[in-house]
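Coordinate-derived values only; no laboratory data. Keep in mind that this is a model prediction, so the values were computed, not measured. Heads up, the Cβs are rebuilt from the backbone with ideal geometry, glycines too, and the neighbour counts pull from every protein chain shown.
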Ligand SMILES: Nc1ncnc2c1ncn2[C@@H]1O[C@H](COP(=O)(O)OP(=O)(O)O)[C@@H](O)[C@H]1O
Ligand SMILES: [Mg+2]
């Protein structure tokens, strides 16, 4: 089935489906989506990995399975059920996927795919941060936060935070979700205008994102894991018109996970998530513009190990 013209990592999902006649309707950086009709989608998490919005030419073995298992865990968790509705419908079973009048057999993707309600994705990434690190810490330092209080995207931050410090309370820092280019921070006013001034949707996104983060952060702490931040996506359910939680949830692609035992503010933490690959990319001298460099074998192996590690610690 391998095809020299197709990058290595593509082999892990599409060829198993397409010969049977399912058409990939959308290829994201990591997930392939197949429209099953009846307002349902099949979402297949591949082993692809992207950093700084570019997909690396090689994948991380087993990553799609980790993303799918972790998202499924959270999307079906009763604690999330108390907070909001989600797009999750059912797992993909080994015997196949009902698609219209047919059943498409694809045991190969059973562990890396789910069937969801199709929604109209809202063009924002809802990020909640409990700790100051990554792009927020970089901007804080650049604006002089070490000496004086600063305002970032409308939120005030007092002076003197160190990298990885815990914030007094989690902050909501939404960004645009752009098809091309990098995501931009949004102020409250910009956030509202990206949502077509829908005050109700804006309030739901903020409240639901904060509530899921709080719930998951508390759950994780009991397992010795810090969730430093998390990104959520929402969509409008095509049938009910309600805002529902879509996409992936609390995975190492969309959250930062740290070990509580090793936690020490004032330095970067050991990341059980994609930050490890971002750090390698920066160290390698990559200018963060496409094309993304090929990951060396040892980086692939270490990333795979860290993804398995966080899955085990959080949900197994
Ligand atoms: N229930 C849903 N209905 C419609 N689109 C969805 C749903 N869940 C996720 N998506 C979209 O599917 C895509 C998932 O693939 P991904 O690789 O994450 O893409 P991206 O490169 O845009 O991040 C995202 O664009 C996401 O917005
Ligand atoms: Mg995505």
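Cα centroid separation, segment 102-161 to segment 282-316: 18 Å.
Rounded to the nearest 0.05, the FRET efficiency derived from the C-beta distance between residue 89 and residue 282 at R0 = 35 Å is 0.35. For segment 245-259 versus segment 262-276, the inter-centroid distance based on Cα atoms is 15 Å.
Neighbour counts of C-beta atoms inside 10 Å place 262, 163, 32 in the sequence 262, 163, 32, starting with the fewest.
In terms of overall dimensions, the C-alpha atoms belonging to segment 10-119 reach 40, 37, 23 Å along their principal axes, ordered largest to smallest.
Between residue 289 and residue 142, the FRET efficiency estimated from the beta carbon spacing at R0 = 30 angstrom works out to 0.90. With the simple model of a label 7 Å out from the Cα in the direction of the Cβ, residue 297 to residue 102 spans 4.0 nm. The value of relative contact order for the chain, using C-alpha pairs under 8 Å at least six residues apart, is 19 percent. Please compute the Kirkwood hydrodynamic radius over the chain, one decimal place, Å, based on all pairs of different Cα atoms. Final number for the Kirkwood radius of the chain is 20.4 Å. Cβ crowding within 10 Å ranks 54, 209, 284 as 284, 54, 209, fewest other Cβ atoms first.
Report summary: the helix-based calculation at 222 nm, which adds -39500 (n - 2.57) for every DSSP H run with n ≥ 4 and divides by the residues of the chain, gives -8500 deg cm²/dmol.
Taking label positions 7 Å along the Cα-Cβ direction at both residue 184 and residue 38, the computed distance is 4.2 nm, reported to one decimal.
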